[in-house]
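Working notes for the structure below.
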């Protein structure tokens with residue numbers, strides 16, 4: 001689940017901050033449909049900059065509660081770099097919903113002429129309240145002092161950490177002091193340069209506290225990678241729906257190097273679909289949540305294939321009917337897992353399995369990005385950012401699946 005989520009108050013801000021994190025190797029997606037989205041860093045646009053403060057607060061609370069998880073350490077409250085909008089209301093809402101220990105405001109974007117000095121927001125060296133942003137028709141800025149801007153909508157206590165303190169390495173001490181109080185406090189951090197922002201980012205990392213970080217693209221580009229990316233590779237999900245002996249041998253080879261497997265009886269899928277699906281989801285999820293790659297298979301060996309043929313004869317159904325039931329089952333399983341857990345990637349053995357998953361997630365197509373091994377392409381579905389490898393059941397050497405898993409995790 002995401003270590004960091006971004007809550008932005010408009011769409012362009014969602015993108016200009018998200019791209020800073022994407023450049024660092026994270027998969028970042030802006031949610032447009034108001035529902036959770038699976039990636040390294042979900043960005044939620046509340047489109048609340050010009051709405052009433054109470055409406056903005058409600059939208060931010062809903063976004064935090066709907067996207068933060070027990071793994072989330074930082075809620076990045078993306079704001080306008082000139083502090084337009086419902087700054088205080090949204091900071092307080094994020095703090096309440098996330099139960100944050102500390103709030104850090106780092107709104108500077110030195111590359112765009114936005115700096116913070118003495119707790120004031122400056123635009124090309126001019127206090128923001130003395131610029132054109134003071135007469136913005138929708139969200140005018142009435143003060144250059146960030147603490148006053150926050151106080152106009154919130155009772156959260158604020159303290160400023162000066163450039164001298166930032167550069168002397170005193171921010172860590174200030175964070176510790178501000179977080180050891182009865183109620184969370186707001187630290188407004190001065191910054192004139194990218195180096196100043198880098199110091200702030202490292203201090204947040206060192207503090208290791210539940211943090212609401214208030215800022216824009218500047219601080220996003222200086223956050224340590226450990227704040228938003230897993231240092232260990234994420235698991236790979238293998239849906240081995242093919243009954244090919246080649247695929248069976250490839251999975252067995254991977255078991256020797258630690259690949260976890262979940263076996264599902266095709267007969268159970270046909271006779272007890274819902275119950276079998278619920279059990280499979282629980283079992284596979286437990287493996288993935290433990291950080292381990294997992295292969296789901298419906299035929300561990302050729303004896304299973306013969307049992308499936310006998311079952312079809314007994315039930316008076318064709319092999320195609322049973323195969324369609326298995327594919328549909330794995331489609332539902334794959335959709336649920338891909339949308340619930342961050343993964344390094346997914347491998348589908350058998351074209352019908354990949355098609356079933358694509359249908360379940362509502363993908364319009366498959367974007368081909370390259371080739372992992374001869375005749376084994378990789379890419380992603382048009383409606384999903386998770387990397388996908390497709391492999392015909394009979395393709396590949398004995399170590400093909402092992403190599404595919406390594407490839408996906410290296411690319412992570």
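The values are calculated or read from the model by the stated rules, or taken from the named source; none is laboratory data. Owing to the predicted nature of the structure, the values given are computational and were not obtained by experimental measurement. Every residue, glycine among them, receives a Cβ derived from its backbone with ideal geometry; neighbour counts consider all protein chains shown.
What to note about this one:
- Applying the set (1) surrounded by fewer than 20 Cβ atoms within 10 Å (Cβ to Cβ); (2) under 17 Å from residue 324 (Cα atoms); (3) touching a helix residue (DSSP H, G or I) at 6+ places or on another chain (Cβ under 9 Å) to residue 264 leaves exactly one unmet item: (1).
- In this entry, residue 178 passes the filter for residues that are touching a strand residue (DSSP E or B) at 6+ places or on another chain (Cβ under 6 Å) and outside any strand (DSSP E or B).
- Note on the stretch 267-299: residues that are out of contact with any strand residue (DSSP E or B) (no Cβ under 9 Å at 6 or more places or on another chain), surrounded by 14 or more Cβ atoms within 10 Å (Cβ to Cβ) and without any contact (Cβ under 8 Å) to a residue 24 or more places away in the chain amount to 2.
- Each residue in the stretch 285-308 was checked for being closer than 30 Å to residue 2 by Cβ and assigned to a helix (DSSP H, G or I), and 5 of them qualify.
- Boolean, residue 238 is under 20 Å from residue 408 (Cα atoms), touching a residue at least 60 places away in the same chain (Cβ under 8 Å) and either part of a strand (DSSP E or B) or within 26 Å of the chain's Cα centre (by Cα) (or both): yes
- Wholly enclosed strands (runs of 3 or more DSSP E) of the stretch 309-392 bearing at least 2 residues under 23 Å from residue 262 (Cα atoms): 345-349, 388-391
- Just one of the listed residues (236, 212) is within 30 Å of residue 394 (Cβ to Cβ) and surrounded by 18 or more Cβ atoms within 10 Å (Cβ to Cβ), and it is 236.
- For the stretch 53-68, the condition holds for no residue, the condition being that it is free of Cβ contacts under 8 Å to residues at least 60 places away in the same chain, farther than 23 Å from residue 95 by Cβ, surrounded by fewer than 19 Cβ atoms within 10 Å (Cβ to Cβ) and over 14 Å from the mean Cα position of the chain (by Cα).
- Subset of the stretch 397-412 that is over 21 Å from the mean Cα position of the chain (by Cα) and crowded, with 22+ Cβ neighbours inside 10 Å - its residue that is farthest from residue 347 (Cα to Cα): 400
- Residue satisfying condition, being closer than 21 Å to residue 403 by Cα and within 25 Å of the chain's Cα centre (by Cα), within set 347, 373, 337: 347
- Across the stretch 17-27, a minimum of one residue is classified as under 23 Å from residue 161 (Cβ atoms) and surrounded by fewer than 23 Cβ atoms within 10 Å (Cβ to Cβ).
- Among the conditions (1) in contact with a helix residue (DSSP H, G or I) (Cβ under 9 Å, 6 or more places away or on another chain); (2) surrounded by 17 or more Cβ atoms within 10 Å (Cβ to Cβ); (3) modelled with pLDDT under 95; (4) assigned by TED's automatic domain parsing to the domain that holds residue 20, residue 176 misses just one, which is (2).
- Check on residue 142, in a loop (DSSP other than H, G, I, E, B) and in contact (Cβ under 8 Å) with a residue 24 or more places away in the chain: no
- Number of the condition not met by residue 226 [criteria: (1) assigned to a helix (DSSP H, G or I); (2) in contact with a strand residue (DSSP E or B) (Cβ under 6 Å, 6 or more places away or on another chain); (3) within 30 Å of residue 95 (Cα to Cα)]: (2)
- Within the stretch 344-358, the set of residues being surrounded by fewer than 22 Cβ atoms within 10 Å (Cβ to Cβ) and either out of contact with any helix residue (DSSP H, G or I) (no Cβ under 6 Å at 6 or more places or on another chain) or under 12 Å from residue 380 (Cβ atoms) (or both) comprises 351, 355.
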